[in-house]
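The values are calculated or read from the model by the stated rules, or taken from the named source; none is laboratory data. Please read all numbers here as calculations on a predicted model, not as lab measurements. Positions of Cβ are generated from backbone atoms using ideal geometry, with glycine treated the same way; all protein chains shown enter the neighbour counts. Accessible surface areas use protein heavy atoms only, side chains included; no ligands, DNA or RNA. Shrake-Rupley method; radii C 1.70, N 1.55, O 1.52, S 1.80 Å.
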Amino acid sequence: ELRERTGAGMMDCKKALVDSNGDLDSAIELLRTTGQAKAEKKSKRIAAEGRIIIKSDNNHTVILEINSETDFVANDSNFINYAESVAEAILNNEVDDLENLNKVNITNGTNVEMARTELIAKIGENISIRRFDKIKQCDNMGLYSHGARIGVVVSLKGGDEKTSKDTAMHIAACNPISIDNEGVPEELVSREKRIFQEQAASSGKPPEIIEKMIQGRMKKFFKEITLLGQSFIKNPDMSINDLLIESNAEIISFKRYEVGEGIEKKEENFADEVMAQIKGNES
């Protein structure tokens, strides 16, 4: 009965019952305590696998990244159920950070953090909720998931369902940094400009030509990394800006999550995988 209620291993359940003199409630509390200890012990282990979950209701859309140490656990039903319940908790509660989210109940008497530590004790891997965004519904929400590895939520004013879905798929494949030039971080712009200046200076050309070279390279740089400047993945003859104008749409915001991005792990290029899938669907 204890194992059924907690999901803990048989030997852990036996030990907890012995240590609590057969009292079921005390044993449950003991398992939670030992689960917390195990979670703390595993917390320094790198969790770079996991899933991206997207959930919507009539008012909001939630995008969530939750991590595990291996893709085997990321595909385990216990992990998936936990990830889904966390996304549901975000959708149904006013939470704006992980600290507040951890306190939200997902079942009677069990909050998000307690459920996480119990899951760690059960499966033996570090589990972490890395980030989430809760986006208010708008005229047109474009949602796209590439398996459980990449998730995109894009908000459009105007347009139609096809435009929002195509834009979301494009974002998944091409990974723009921002909507337009103004959204590109200043430190990135400065770094690229410095690199271009050094490259141009070594050419030996006159200063006025060098300046034009730098301007041309920066223009190309912005076109490649901004959503509005990028060539549309399904039709490279037009930009995303052209697509939105043609569809009478305006982009409000977008969120793109990729599992483990920025965490040191084995190199895998899932953006290329998305591109290959899109091109395959179009042929």
Over 21 Å (Cα to Cα) - which of LYS55/LYS162; LYS165/LYS255; LYS55/LYS165; LYS157/LYS255; LYS55/LYS223; LYS103/LYS255 fall in this group: LYS55/LYS223; LYS103/LYS255
Cα point-scatterer Debye curve for the chain, base-10 log of I(q)/I(0) at q = 0.08, 0.09, 0.13, 0.14 Å⁻¹: -0.46, -0.56, -0.95, -1.04
Positive-pole candidate from PHE221, ASN93, VAL18, dipole of the chain, charges at beta carbon: PHE221
With Cα atoms, 0 to 90° folded angle of helix 10-19 axis to the chain main axis: 50
Karplus-derived HN-Hα couplings along segment 227-239 (A = 6.51, B = -1.76, C = 1.60, θ = phi - 60°), whole Hz, x at Gly and Pro: 4, 5, x, 5, 6, 5, 4, 7, 8, x, 6, 10, 8
Accessible area (Å², 1.4 Å probe, nearest 10) - ASP76: 50
Carbon and sulfur %, accessible surface of segment 125-246 computed with the full protein complex present, 1.4 Å: 49
Per residue accessible area of the chain, 1.4 Å probe, in Å²: 55
Dipole magnitude of the chain about its Cα centre (Cβ charges: Lys, Arg +1; Asp, Glu -1), debye to nearest 20: 560
Within the chain, helix-based [θ] at 222 nm, where runs of 4 or more DSSP H residues each add -39,500 (n - 2.57), nearest 500: -15000 deg cm²/dmol
Highest to lowest packing among 98-109, 145-156, scored as the average C-beta count within 10 Å: 145-156, 98-109
If the convex hull is drawn through the Cα atoms of segment 77-126, its volume per residue in Å³: 74
Dipole of segment 120-279, positive end: most advanced residue of SER190, GLY158, LEU243 [Cβ charges, Cα centre]: SER190
Solvent-accessible ranking of ARG194, ARG131, largest area first, probe 1.4 Å: ARG194, ARG131
Calculated from backbone phi, Karplus (6.51, -1.76, 1.60) coupling profile of segment 254-259 in Hz, x at Gly/Pro: 8, 10, 10, 10, 10, 3
